[in-house]
Structures are given as structure tokens and as C-alpha cells.
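Each value in this text was obtained by applying a stated rule to the coordinates, not by laboratory testing. Here the structure is a predicted model, which means the values were calculated and not measured. Cβ atoms come from the backbone with ideal geometry, glycine included; neighbour counts cover every protein chain shown.
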Amino acid sequence: MTITTVIPKAKLTSCERWKLNSFDTPKTEIPADHAQSDDSARNTAAAVNTNELEIIVQTAKEDGLKKGYDEGYKNGIEEGRNKGYLEGKQQGESEVKAELSQINSVFSNLNQQIQSIEQHIAQDMLTLAISLAKKMITQALTIHPELILPVVQEAARQLSGSEHDLQIFVHPDDAEIIRRYQNEQSAQVHWKIHEDTQQERGGCRLAAGGSEIDASMGTRWHRVLAAIGQNDDWIDK
């Protein structure tokens, strides 16, 4: 069975004639204020994107600079440390060498001064010993004037073979001692004794057969000192 629907006239609306282009998508008109809002939004978005890009670029730049600075700082510190260590080492070695040279110089000068002091002390001691020896000899000859006899006997032996012609020049006080000795040895000793005031006690001069021996105190004293590299007069001036 067919059912037909009838629409009352009162409910009918006016109809429009159908056109072919009615199938096209209808264009929607955008209000001017809404369009301006969209442009502003796009501009804002573009500005935001630009700002973000600048921030990103600036951040990257700062990060790069910081990284480069840190790397350069680290390398600079390492290089500076190595350079400073090398320079410090060289300077330290130079200072040590200078100190050692100065110390060696001080020790060398000290050694020279010690040697000089030792030489002065040794010389002073030797001078003192010579002076004491001279005084002891003089005192011994005063206490034991007969010490002239061994001197004359030794000199006479050096002129052996000429005893009968032997002439002895001695101090007047020593001449008496030699005469007494000669009298005691009259059978063996034939000396001619001459008193000589130029002779010191304990010394003598002998002559025989054209030969002569100087056994004076001054000559004997110089011979003794010459053996030890010294020089001093028997008679103090």
C-alpha cells in the first residue's frame, strides 16, 4: 500500500530556483575585525618565532662563546702552567747554580784565609821558637861557658893535619877556658890562642895552613836558620 504525505500550505516555504553552481562550496565571508585579529595573531606568532629564534641564536652564541672561553681558559691554564713550570725550573736551576757558585767562592776564600792564618800562626810560632832558642843558648853559655870547648874541638878536626899551626880566635873570657884545657892536654894540644873582642862568647874562628873556619855564633846561627828557611841575626839590632 502506498502512503502519500501531504504538506499543508501553511507549512510550505518559498523555494529558490536551483542553479548549477549551487554545488560549489559556499564562500564564507570573514568579518573585518576578525581578519585583523588573525593578522595580529600571525604577526604576534611571527614576532614570537623571531624572538625565540633570536633567543636560540643568542643562547647558542653564548654557549659557543662560553664553551670556547672555557676550552681556551683550560688550554691557557695548562699552557701557562707548563710554561710557568719550565720558566720556574730554569730560574730555580739558575739560582741554585748562582748559590753554589757563591758558596764555593766563600769556601775557597775561607780555605785561603785558613791557610793564611795557619801560615801566620806557624810563622809566629817559629819566630817565637827561634827567639826562645837564642835565649836558651845564651843562657846555657853563661851558665856553662865550657861549651866553647866542643865548638873548638869540632872546628879543629875539620882542619886536621894542621894542629901544630892551629890558631884560635875567641872571646877573652873563652880564651881562659881554652888555655886551661890546653894545659891539661899539653902533650897533645899545641894551639895558639888569640883573644878577639869581636867574637861572641861561645864562638870562635880557626885558621891553619891557609885554611880558615868561621865558627862564630852569628855564622853558626845563620846556618841553622837557613836549614829551616829562616833568617835572623844572632845579635838583636
Note to self: How would the range 144-227 be classified by its alpha-carbon gyration tensor: rounded, prolate or oblate, with rounded meaning a/c under 1.5 and the a/b versus b/c comparison settling the rest?
What the structure shows: oblate
Notebook entry, point to check: Quick one: Karplus J couplings for the range 88-99, per residue in order, coefficients 6.51, -1.76, 1.60, θ = phi - 60°, nearest Hz, x for Gly and Pro?
Noted result: x, 5, 4, 5, x, 5, 5, 5, 5, 4, 5, 5
Next item on the list: Amide H neighbours of Leu166 under 5 Å, at least 5 residues apart or on other chains, H built in the peptide plane: list them.
Entry: Lys192
Item checked: Sorted by Cβ neighbour density within 10 Å, fewest at the top, the residues Thr50, Thr219 -> Thr50, Thr219
Margin query: Just to verify a number: FRET efficiency for Glu154 and Ser131, C-beta to C-beta distance, R0 = 22 Å, to 0.05?
Written below: 0.30
Note to self: Under 5 Å between amide hydrogens, which residues at least 5 positions from Cys204 or on another chain qualify, with H placed 1.01 Å from N in the peptide plane?
What the structure shows: Ala215, Ser216, Met217
Note to self: At a 10 Å Cβ-Cβ cut-off, how would you order Val96, Val189, fewest neighbours first?
What the structure shows: Val96, Val189
Next item on the list: Using a/c under 1.5 as the rounded threshold, could you call the range 93-237 rounded, prolate or oblate? The axes a ≥ b ≥ c are square roots of the C-alpha gyration tensor eigenvalues, and prolate needs a/b larger than b/c, oblate otherwise.
Entry: prolate
Item checked: Virtual spin-label span in nm between Asp124 and Glu146, 7 Å along Cα→Cβ -> 4.2 nm
